[in-house]
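A.B. asks: Here it is: the structure, laid out below.
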Amino acid sequence: MKGSKAIVGVFSYLDDTIKAVESAKEAKLDYQVYSPVPNHYLEHATSDTRSPVRFFTSLGAVTGLTGGFALAILCSLDYPLRVSAKAIASVPAFVVIGYECTILLGAIATLTALFHFCRLPDIFRKVGYDPRFSDDKFGVVIGCESGQIDEVSQKLKDAGAEEVSVKDGL
């Protein structure tokens, strides 16, 4: 987050949190949202784009499918065994290994992309994070310059924040 101060708003209700996010987006402020539970409406309010994780899942699945078939075909070409007059590289025989490698590499790629895009593990404590945000409250942390503190605090209060505080050192 840019700026030198963080304004933290604590909310009890999802609707108020969404109002605060929309007002921060309108003012083009840098913000972070904390939620005790995943919420579809909050996700739509904070992001205008679709998740890039799906691209990595597809890439991992295609790599797994290609790698699975290549592994099976190359192994059968290296050690050819004729079974009931079938061709050495008979594709139907390799569907199972192709399918299993598709699932395996797709899942590994998804997990890796989730860790990357969610910035996990997050070993540094975030400025403005409050343990209540993991329990029962919603939080909106807005980064701003020192001259904007009153304006941003008022926006959070107008949105319905129960508590607004200023933190240093973004």
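A.B. asks: Mind checking whether some residue in region 132-144 is surrounded by fewer than 14 Cβ atoms within 10 Å (Cβ to Cβ), assigned by TED's automatic domain parsing to the domain that holds Ile18 and not hydroxyl-bearing (Ser, Thr, Tyr)?
C.D. replies: yes
A.B. asks: Gly128 - would you say it is on the phi > 0 side of the Ramachandran plot and either modelled with pLDDT of 90 or more or not in a helix (DSSP H, G or I) (or both)? So that I can check it myself, show each step before the final result.
C.D. replies: Numbers: on the phi > 0 side of the Ramachandran plot: yes; either modelled with pLDDT of 90 or more or not in a helix (DSSP H, G or I) (or both): yes.
So Gly128 passes the test.
A.B. asks: Let me ask something else about it. Scan region 107-131 residue by residue and report those that are of a type in the set (Lys, Arg) and either surrounded by 14 or more Cβ atoms within 10 Å (Cβ to Cβ) or touching a residue at least 40 places away in the same chain (Cβ under 8 Å) (or both).
C.D. replies: Lys126
A.B. asks: Could I ask something else about it? Which one is nearest to Thr17 (Cα to Cα) among residues in region 136-158 that are in contact with a Lys or Arg (Cβ under 9 Å, 6 or more places away or on another chain) and assigned to a helix (DSSP H, G or I)?
C.D. replies: Only one residue tops the list, namely Asp158.
A.B. asks: I'd like to know if region 134-144 contains one or more residues that are out of contact with any helix residue (DSSP H, G or I) (no Cβ under 9 Å at 6 or more places or on another chain) and more than 16 Å from Val33 (Cβ to Cβ).
C.D. replies: No: zero hits.
A.B. asks: Quick one: in region 2-57, which of the residues that are among the polar types (S, T, N, Q) and touching a residue at least 60 places away in the same chain (Cβ under 8 Å) is nearest to Asp168 (Cα to Cα)?
C.D. replies: Initially, region 2-57 is screened for residues among the polar types (S, T, N, Q), giving 4, 12, 17, 23, 32, 35, 39, 46-47, 49, 51, 57.
Next, only the ones that are touching a residue at least 60 places away in the same chain (Cβ under 8 Å) stay: 4, 12, 17, 23, 32, 35, 51.
Working: Ser4: 7, Ser12: 24, Thr17: 22, Ser23: 22, Gln32: 15, Ser35: 22, Ser51: 31 Å.
Step by step, filter region 2-57, then rank; the result is Ser4.
The values are calculated or read from the model by the stated rules, or taken from the named source; none is laboratory data. As the structure is a prediction and not an experimental result, all values here were calculated from the model. Cβ: placed from backbone, ideal geometry, glycine included. Neighbour counts: every protein chain shown.
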